[in-house]
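Everything below concerns the one structure shown next.
Laboratory data are not the source of any read-out in this text; all were calculated from the coordinates shown. Computed from a prediction, not measured in an experiment: that's the story for all the values here. Here the Cβ is made from the backbone with ideal geometry for all residues, glycine too, and neighbour counts use every protein chain on show.
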Amino acid sequence: MVDWDDHYAGRVSRMAGSEIRELLKLLDQPDIISFAGGIPDPTLFPLNEIAAAHAAILADPARGGAALQYSVSEGYLPLREWLVDYMATLGVPCTPDNIVITNGSQQALDFLGKLFIGPGDKVLVSRPTYLGALQAFNPYEPTYDVLPGPDNNRTVESFGVAGGASGPRLGYVMPEFRNPTGTSLTLAERHELLAVADALDLPLIEDSAYEKLRYDGEAVPSLLALEAARTGGVDHGRVIYCGTFSKTIVPALRVGWIVGPRSVIRKLVLTKQASDLHSSTLNQMVMHEVASRTLMAQVGNIRASYKARRDAMLSALERYMPDGVTWTRPEGGMFIWVTLPDGFDSGVLLRQAITEARVAFVPGRAFFADGSGQNTLRLSFSLAAPDKGTEGIRRLGTLLCRLIEEVQPVAAAARA
């Protein structure tokens, strides 16, 4: 037998399974109320529109032939032209040459990690941050540090350098309804982050996966929009924007995109050529048909549904959670971030929650590059109808109340 572990590259040791992907398997157990997977509700998918788009494309010999043929690595031109108009609505003037289509935004993160990260390079991320970004970057062997922001007191001066080869090499941020906390950066915080990136000469990845899922409050300009306005255009700034249709249309077509300076896009196109040549042309053509005709109607349906689910979960948390438990109150997205009293381990709690309460969530430690955050957890409300979400929080709150009551006498005895 070959011992394959002896033959893998060293970086493979940094590739780890996703706690979230494993927890998604619990969705097959009908008696478990799962707040684990941050995935869209399939009952909201535009099935008829997608079926009609496939039929129309494949019924036309010319379009059908093109849809099933090899294509350019940059992506289907009509889709990129539509994205130019879409980005303009976000305050980002660009051209098709500023855009490359990827297999979802996860591939975008992988490509950007490959392009910018070398062994030992320092990558700045929020704490906590999106687990998928850590998984995308880890094989390129970075070290991680904290991106200065509202949840920490890190300063530019604390890095001891102005950037360059010896300083941080890349920054990653999700400014809108971020995964896992659901929180967003204010306008002032976005300007401050851009100033930090300037001071550190730091390329900055803006992950805008949840940008359209706003339920309350006023929209805030994207980092790319602010940077383009400040520098005179996308080609002159340091922000690289990642978008996706997975949260607004469907995830399975795997259509995402990157907007950035043309010099960066050219390198990403070479990366795309070496990776998979191009994203599925049929999927891109279908997405173009569906998005150009129904995106805003689809977004309206999603917002109404997810807002009701978020509100039900927030109300249930207020009603059933014991003292000492706190949580975020997001204006959009799919997630609520819960902080337990000191001393609790959400990984241990998960095992008890599944066994005793038949409720699942994601332990917060998975979202910290340094493995901290033991007393935090992420709840997703996108799949939980209001009544089911309320019942799941009631079960979890009941379990927590009991555990806290059990801990208090022990803690009091220890103090004595």
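Inclusion of P78 among residues that are surrounded by 15 or more Cβ atoms within 10 Å (Cβ to Cβ) and either within 30 Å of A228 (Cα to Cα) or touching a helix residue (DSSP H, G or I) at 6+ places or on another chain (Cβ under 8 Å) (or both) is not warranted.
Selection of first residues in the range 171-196 that are more than 17 Å from N153 (Cβ to Cβ) and of second residues that are among the basic types (K, R) and not in a loop (DSSP other than H, G, I, E, B), restricted to Cβ pairs under 7 Å at least 6 apart or on distinct chains, gives the following pairs, ordered by first then second residue: P175/R190; P180/R378.
A count restricted to the range 255-299 and to residues that are under 24 Å from P203 (Cα atoms) and in a helix (DSSP H, G or I) stands at 14. Hey, does the range 49-65 have a residue that's under 28 Å from the mean Cα position of the chain (by Cα), among the hydrophobic types (A, V, I, L, M, F, W, C) and exposed (fewer than 14 other Cβ atoms within 10 Å of the Cβ)? So far as the range 49-65 goes, yes, one or more of its residues are under 28 Å from the mean Cα position of the chain (by Cα), among the hydrophobic types (A, V, I, L, M, F, W, C) and exposed (fewer than 14 other Cβ atoms within 10 Å of the Cβ).
When the range 95-127 is filtered for residues that are within 16 Å of G256 (Cβ to Cβ) and assigned to a loop (DSSP other than H, G, I, E, B), only N103 remains. Exactly one residue among T294, T281, T355 is over 28 Å from H54 (Cβ atoms) and polar (S, T, N, Q), and that residue is T355.
Just wondering, is there one or more residues in the range 374-390 that are in a loop (DSSP other than H, G, I, E, B), farther than 22 Å from A133 by Cβ and without any contact (Cβ under 8 Å) to a residue 40 or more places away in the chain? Within the range 374-390 (the criterion being in a loop (DSSP other than H, G, I, E, B), farther than 22 Å from A133 by Cβ and without any contact (Cβ under 8 Å) to a residue 40 or more places away in the chain), the answer is yes, since at least one residue qualifies.
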